[in-house]
Amino acid sequence: MHNIVNVTDKVYWIGANDRKTERFENYMPLPMGVAYNSYVLVDEKTCLIDTVEFGVEGLFMEKLEEALDGRDLDYIIVNHMEPDHSGALRDVMKKYPNAQIVGNNKTFPMIKAFFHDADESKFFVIKEGDILDLGHHKLTFAMVPMVHWPESMVTYDTTEKILFSNDAFGSFGALNGGIFDDEVNFDHYEDEMRRYYSNIVGKYGMQVQNAIKKLGGLEIKYICPSHGILWRSDVAKVIRHFDYWSRLEPEAEGVVIVYGSMYGNTAKMANAIATELGKQGIKEVKVYDASKTDHSFIISDIWKYKGLIIGSCSHNNAVYPKVQPLLHKLQNYTLKNRYLGIFGNMMWSGGGVRGIEAFSDALNGLEVIADPVEAKGNPTKEDYEKLELIAQRMAEKLKEDRA
Ligand code: FEO
């Protein structure tokens, strides 16, 4: 079979790599592409688990047909109705009209909403713990609401201990060659996995924790997510990553400095802080101009590092328009467990620093490590000294944590 990979003897990966779509959910850049993973089990009964996004369904339908090798399709399991996994569902339903559509009671209203002509007589409602008997393989289901939508569930093959985890344990990045964790260099995927986690399910840390607790009791030999690499050699590794990301625990000593600057003065201030952090021995310092770098990359690094320093010039008495949406998103994700530094620039009424302070006050889990610094126009010698103090306090806090 071409372009189809065995997960086990009769379980096939028939996913599609998408290197053409510019932005996931039409707003997050995909420089490394994305994979939509789909699986077929060929047993006494045949079963498809999830489909792929609109736009790559052509190759996917060919692979499905090849994997079935002339057989009809008995079941289509819909773990999640977001169109990156259900885009090709209508095509599959039309080509295999005898197939029963397997989902939970929240799945089917969504199927009807997306595909008005779906045949309701084929809907097969399951609930948590039910068994779907394919012959040799016995599948069961666990609900994982809000990982990533209310109807999200995972499918577990009790026979071969395979967890089809859908969005949980997924990653951005198309699959380039090998598809299993032992066939690829994880370093090439790690940043994209964190960017996927923090931006897609970052808001639902508690629900991810609940899912990990629920699935933790299972014996798992394979994790087959709906995006990115499959896990078979070290399944604990991907669970570990999702565990601390969902607890909003930083994973490295380092600092993100993100700023918005119209005429360069706030940028000067950011550079002064970064330079002092370097002098203080902090090796991982990421400086981002919020007007230039897509926020999904900045958020991923904020997830990674313990230190966060935010700067904004004032714009119409408020935070600069390219910084404000980032604050909004971090507030929406209830960011915590971070040291925070604040700086900015003003000319008459201010608003940039004030807005960042309001953001900090709205969250419980940020520790402001020094007095905010707000310069007027070109920073003075005194301003620079105060900015360096932010960097020094940040470095002290990070070094204390080493102990
Ligand atoms: Fe990969 Fe929530 O869809």
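Any idea which of Leu330, Leu326, Leu308, Leu340 is touching a His at 6+ places or on another chain (Cβ under 8 Å), open to solvent by less than 50 Å² (accessible area, probe 1.4 Å) and not assigned by TED's automatic domain parsing to the domain that holds Asn26?
Leu326
Among the residues of segment 256-273, write down those that are buried (at least 23 other Cβ atoms within 10 Å of the Cβ) and of a type in the set (Phe, Trp, Tyr).
If the condition is that a residue be buried (at least 23 other Cβ atoms within 10 Å of the Cβ) and of a type in the set (Phe, Trp, Tyr), then Tyr259 is the only one that fits.
Hey, does segment 18-26 have a residue that's in contact with a helix residue (DSSP H, G or I) (Cβ under 7 Å, 6 or more places away or on another chain) and at pLDDT 95 or above?
For segment 18-26, residues in contact with a helix residue (DSSP H, G or I) (Cβ under 7 Å, 6 or more places away or on another chain) and at pLDDT 95 or above: absent.
Which count do you get for residues in segment 7-20 that are closer than 15 Å to Leu175 by Cα, surrounded by fewer than 16 Cβ atoms within 10 Å (Cβ to Cβ) and free of Cβ contacts under 8 Å to residues at least 60 places away in the same chain?
Looking only at that region, the number is 1.
Among (1) on the phi < 0 side of the Ramachandran plot; (2) part of a loop (DSSP other than H, G, I, E, B), there is one condition Val7 misses while meeting the rest; what is its number?
Among (1) on the phi < 0 side of the Ramachandran plot; (2) part of a loop (DSSP other than H, G, I, E, B), Val7 violates only (2).
Go through segment 116-158 residue by residue and tally those that are away from the ligand (no atom under 16 Å from the Cβ), surrounded by 16 or more Cβ atoms within 10 Å (Cβ to Cβ) and in a loop (DSSP other than H, G, I, E, B).
So the count comes out to 4.
Condition (residue is open to solvent by less than 30 Å² (accessible area, probe 1.4 Å), within 16 Å of the ligand (Cβ to nearest atom) and farther than 25 Å from Ala16 by Cβ) applied to segment 185-202: is it met by at least one residue?
Yes, that holds for at least one residue.
Does segment 159-170 hold any residues that are over 19 Å from Asp74 (Cα atoms) and surrounded by fewer than 19 Cβ atoms within 10 Å (Cβ to Cβ), and which are they?
Glu160, Lys161
Among the candidates Glu276, Glu219, Glu249, Glu253, single out the residue that is open to solvent by 50 Å² or more (accessible area, probe 1.4 Å) and not in a loop (DSSP other than H, G, I, E, B).
It is Glu253.
I'd like to check something: does segment 13-24 contain any residue that is assigned to a loop (DSSP other than H, G, I, E, B), farther than 23 Å from Leu139 by Cα, within 16 Å of the ligand (Cβ to nearest atom) and not assigned by TED's automatic domain parsing to the domain that holds Leu326?
Checked against the condition, which is being assigned to a loop (DSSP other than H, G, I, E, B), farther than 23 Å from Leu139 by Cα, within 16 Å of the ligand (Cβ to nearest atom) and not assigned by TED's automatic domain parsing to the domain that holds Leu326, segment 13-24 yields at least one hit.
Working only within segment 203-227, note down all residues that are modelled with pLDDT of 95 or more, out of contact with any Leu (no Cβ under 7 Å at 6 or more places or on another chain) and within 15 Å of the ligand (Cβ to nearest atom).
Once the filter is applied, which keeps residues that are modelled with pLDDT of 95 or more, out of contact with any Leu (no Cβ under 7 Å at 6 or more places or on another chain) and within 15 Å of the ligand (Cβ to nearest atom), segment 203-227 yields Pro225, Ser226, His227.
Tally the residues that are on the phi > 0 side of the Ramachandran plot, assigned to a loop (DSSP other than H, G, I, E, B) and within 13 Å of the ligand (Cβ to nearest atom), restricting the search to segment 159-184.
Result for segment 159-184: 1.
Report those strands (runs of 3 or more DSSP E) wholly inside segment 332-403 carrying at least 2 residues which are over 19 Å from Gly260 (Cβ atoms) and under 31 Å from the mean Cα position of the chain (by Cα).
336-346, 365-368
From the list Asp289, Asp301, pick out the single residue that is charged (D, E, K, R) and crowded, with 22+ Cβ neighbours inside 10 Å.
Asp301
Kindly list, by first and then second residue, each pair from a residue in segment 180-197 that is among the β-branched types (Val, Ile, Thr) to a residue that is open to solvent by 10 Å² or more (accessible area, probe 1.4 Å), limited to pairs with Cβ atoms under 6 Å and residues at least 6 apart or on different chains.
Pairs found: Val184/Gly178.
Kindly establish whether Gly365 is modelled with pLDDT of 95 or more and open to solvent by less than 40 Å² (accessible area, probe 1.4 Å).
no
Where in segment 36-98 are there helices (runs of 4 or more DSSP H), lying fully within it, with 3 or more residues that are under 20 Å from His137 (Cβ atoms) and more than 16 Å from the ligand (Cβ to nearest atom)?
Fully inside segment 36-98 and qualifying: 57-68.
For segment 154-179, what are the residues that are within 16 Å of Asp9 (Cα to Cα) and without any contact (Cβ under 8 Å) to a residue 40 or more places away in the chain?
The answer is Thr158, Thr159.
Buried (at least 20 other Cβ atoms within 10 Å of the Cβ), at pLDDT 95 or above and acidic (Asp, Glu): does that describe Asp84?
Considered against the rule, which asks whether it is buried (at least 20 other Cβ atoms within 10 Å of the Cβ), at pLDDT 95 or above and acidic (Asp, Glu), Asp84 comes out as yes.
The values are calculated or read from the model by the stated rules, or taken from the named source; none is laboratory data. Predicted, not measured: the structure shown is a model, and the values here were computed from it. When we count neighbours, we look across all protein chains shown, and the Cβ atoms used for this are built from the backbone with ideal geometry, even at glycine. Side chains included, ligands, DNA and RNA excluded: accessible areas come from the protein's heavy atoms. Shrake-Rupley method; radii C 1.70, N 1.55, O 1.52, S 1.80 Å.
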